[in-house]
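The block underneath contains the structure these notes are about, expressed in structure tokens.
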Amino acid sequence: MFSPIHRLLPLLLSIIPALIHAQNSTSSSYSCIDPSLPHSTVFKGQETTICLYAGPGGDWNSDISYKRFPVNLVADEFSSYKIPGSFKDIVQSNPFGSEATHIFTSSQSSLSFLRRYYDTTTQHLYPYLTAIIDVRDGVVTGIAWDDACIFCQRSRCAANTYNFDGSAATTEQISQPADGCYFTRDECVALHAGGTDDCDLKLYVVWTGTDAQGK
């Protein structure tokens, strides 16, 4: 059995860095499997591929241009990875030409709901994400977002979860936290100019369920 999830875990454990390589694609398939790994299912203590996708706001059910950031993480270890330079490359450059940039995470054939990274209308950025990977006998059966508002005061917490057609998703609809902490763009510009990466995308990953051996 994978270790239980604690909501304060992201605040207590240090970041495990990983090297990320973006892949541009216009495919409608958002699955995430690394064929070079020895197992396609999840084994405790072995690497499993997690992908973070970034693209325009709106309907993701049609072919769109997006960036895909895959990484291999050890199952049942609290891990995190960041997308180096994502504030500059995504927010300041706006490669998707969209009023908003949405992100989601996937593993095997399971997808999370969308979350907004940057909104040009409100000038808000939501860089912090915690994904809960639910596994049953080695198969990823779901990915839920944890409460991202543990990273800030409630006054800086706002609704930030969307369906793949671009419509807003509520906690009542999806039975999981739907809010996130934000920085303003001006704050991020100042932080970036000061040499910090606080506004780059960061994904924390925790696990629940059983691996391919029932552990």
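The values are calculated or read from the model by the stated rules, or taken from the named source; none is laboratory data. Remember, it's a predicted structure, so these values are computed and weren't measured experimentally. All Cβ positions, even for glycine, are placed from backbone atoms using ideal geometry, and neighbour counts span all protein chains on display. Areas reflect the complete protein model, heavy atoms only, side chains present, ligands, DNA and RNA absent. Shrake-Rupley method; radii C 1.70, N 1.55, O 1.52, S 1.80 Å.
Remarks
- Selection within segment 86-122: residues that are among the small types (Gly, Ala, Ser) and open to solvent by 30 Å² or more (accessible area, probe 1.4 Å). The member of this set that is nearest to residue 43 (Cα to Cα) is 109.
- Flag if residue 53 is closer than 21 Å to residue 169 by Cα, without any contact (Cβ under 8 Å) to a residue 60 or more places away in the chain and assigned to a strand (DSSP E or B): yes
- Within segment 150-167, considering residues that are closer than 18 Å to residue 123 by Cα and of a type in the set (A, V, I, L, M, F, W, C), the one most open to solvent (accessible area, probe 1.4 Å): 159
- Of all the numbered requirements in (1) open to solvent by less than 20 Å² (accessible area, probe 1.4 Å); (2) touching a Gly at 6+ places or on another chain (Cβ under 6 Å), residue 125 misses one, and that requirement is (2).
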